[in-house]
1. Taking the DSSP beta bridges in chain A as the whole, what percent of them are antiparallel, to the nearest 5?
2. Can you tell me which of A:A158, A:A67, A:A135 moves the most in a GNM of chain A? Springs connect C-alpha atoms under 10 Å apart.
3. Please identify every one of the GluC sites (Glu not before Pro) in the range B:98-191 that sits in a loop by DSSP and has no more than 16 other beta carbons within 10 Å of its own beta carbon.
4. With charges only on Cβ, +1 for K and R and -1 for D and E, what is the dipole size of the protein assembly as shown about its Cα centre, in debye, rounded to 20?
5. Report the charge-dipole magnitude of the range A:1-76 in Debye, nearest 20, computed about the Cα centre from +1 at each Lys and Arg Cβ and -1 at each Asp and Glu Cβ.
6. Tell me the Kirkwood radius of the range B:92-209: reciprocal of the mean inverse pair distance over distinct alpha-carbon atoms, in Å.
7. Mind checking the range A:132-241 for GluC sites (Glu not before Pro) that DSSP puts in a loop (not H, G, I, E or B) and that have at most 11 other Cβ atoms within 10 Å?
8. What distance in nm separates the simple spin-label points at A:Y114 and A:H187, each placed 7 Å from Cα in the Cβ direction?
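Each reported figure results from applying straightforward, stated rules to the coordinates on display, with no laboratory input. On a predicted model such as this, the values are computed, not experimentally measured, just so you know. Note: ideal-geometry Cβ built from the backbone for every residue, glycine included; neighbour counts use all protein chains shown.
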Amino acid sequence: MPRESEFFQRDRTIHPPAFTPCYKTSVLRSPRLPLLSLQNSLSEVTGPMFGAHELGSLDNDLILNFAKDGEAIGQRLIVYGRVTDETGAGVANTLLEFWQANAGGRYRHKNDRYLAPLDPNFGGCGRTLTDAEGAYAFRTIKPGPYPWRNFVNSWRPAHIHFSLFGTGFAQRLITQMYFEGDPLLAHDPMFGTIPDREAAMRLVAPLDLNASVPLDTLAYRFDIVLRGRRSTLFENKLQGN
Amino acid sequence: MVPPLGYLKETASQTAGPYVHIGLLPRQAGFEVFANSFGEAMVGPKTRGERIGIEGVIFDGAGAPLRDAMVEIWQANAAGRYNHAADLQNKPIDDEFRGWGRSGCDFETGRYCFRTIKPGPVVGRSGHRPMAPHVNLWIVARGINIGLSTRMYFADEEAANAADPVLNIIEPAARRKTLMGQRQARDQEVVYSFDIYLQGERETVFFDI
């Protein structure tokens, strides 16, 4: 069970800043005044929790969860990993949600008009809960790269979006997982918003042949770290009363 | 070299992008995939508390509404208790209220919209006064590299707001009003209007929590 304790201060040097001119949309959407640093109260150390009974049996299988008359087209993948906090402790029973383009780089979304075709058997989203040790896994197909309007000829590397809750609202995080060896990474303005090279490379999932299914499915590993909670060695009581 | 402490680094944030709805609000993206969608309905018939709406528009630095953003709220129940094990206050949990919702801004108008209940006041940090009723917001969108955290307070809670330990650290004090939802009566419904400004003279106070 989550403890009643504050989170470690967020290390903003490993996150992209709000204002990143290389990613043009950020220019008008970035706050210009300093964020107000707020010591955690109950409002930040608590957050929504979800139960296994709220998920469907195919929610973690993107090859099958939108299948109409066949399976999704593309390179079959297992994506797996462990969600821990900054102390290395597994984050149990936390919700992960993920979404991605199809194998041709097209999103199933009203506003995506890229010429690559939709796959009638691929929705492009899934969700799962971590187990008691923080481990998660889901099955999907490898998303394709696609062009976007940043520079005239900008292409996103293949990626999967991840959303995580942790155990408190201050751990809320959205990120993207990339694939080892993708030559588009070096040209991607969004990947390039991360100022810390090591932090950026931790978003690149390595191929893991040992976790693959021979003659069936390849595997990539993506471990995710959420903010840690303080262990109060000496009393620094959070709640009043 | 001194021994390393061995902490891991938090995973870096990346923008939610323009298609965040696929993963988090697939119905808005234009398709059905899950048997139950998270965050759409916050309140059921048995939820305790005053029914309210919370609505607003998020404006960019050019004054244009963000029409592809997603907002989540997290709040205490009508008694002022969070539905979470770390809340040890001696107040009742409402089993009919998780306290969390998500809303995609309308693709045409940019308006986000929640139907919820008004939260009660929550205990403050030890040694501080109680926090006035408030709703915690988290905003993501294309062009937002790391989710933005802010709070909406209720403008009609003047006495509680004046004593709130968070509002009181905001300087200059004139910026506190950027966190005030304005109560409006509309078609027999109470709606708090809360517009958010990412830049400019009216820039909303955002928190590093």
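1. On the way: 29 of 39 bridges.
DSSP beta bridges in chain A are roughly 75 percent antiparallel.
2. Fluctuation is largest for A:A67.
3. Details: sites: B:E108, B:E157, B:E158, B:E189; in loops: B:E108, B:E157.
Those that pass, being in a loop and sparsely packed, are B:E108.
4. Working: 49 positive and 50 negative charges, 125 e Å.
Result for the protein assembly as shown is approximately 600 debye, rounded to the nearest 20.
5. Working: 8 positive and 9 negative charges, 118 e Å.
Its charge dipole is roughly 560 debye.
6. Details: mean 1/r = 0.0634 Å⁻¹.
Its Kirkwood hydrodynamic radius stands at 15.8 Å.
7. Details: sites: A:E133, A:E180, A:E198, A:E235; in loops: A:E133, A:E180, A:E235.
For GluC sites (Glu not before Pro) across the range A:132-241 that sit outside H, G, I, E and B with at most 11 neighbouring Cβ atoms in 10 Å, the list reads A:E235.
8. A separation of 1.4 nm, rounded to one decimal place.
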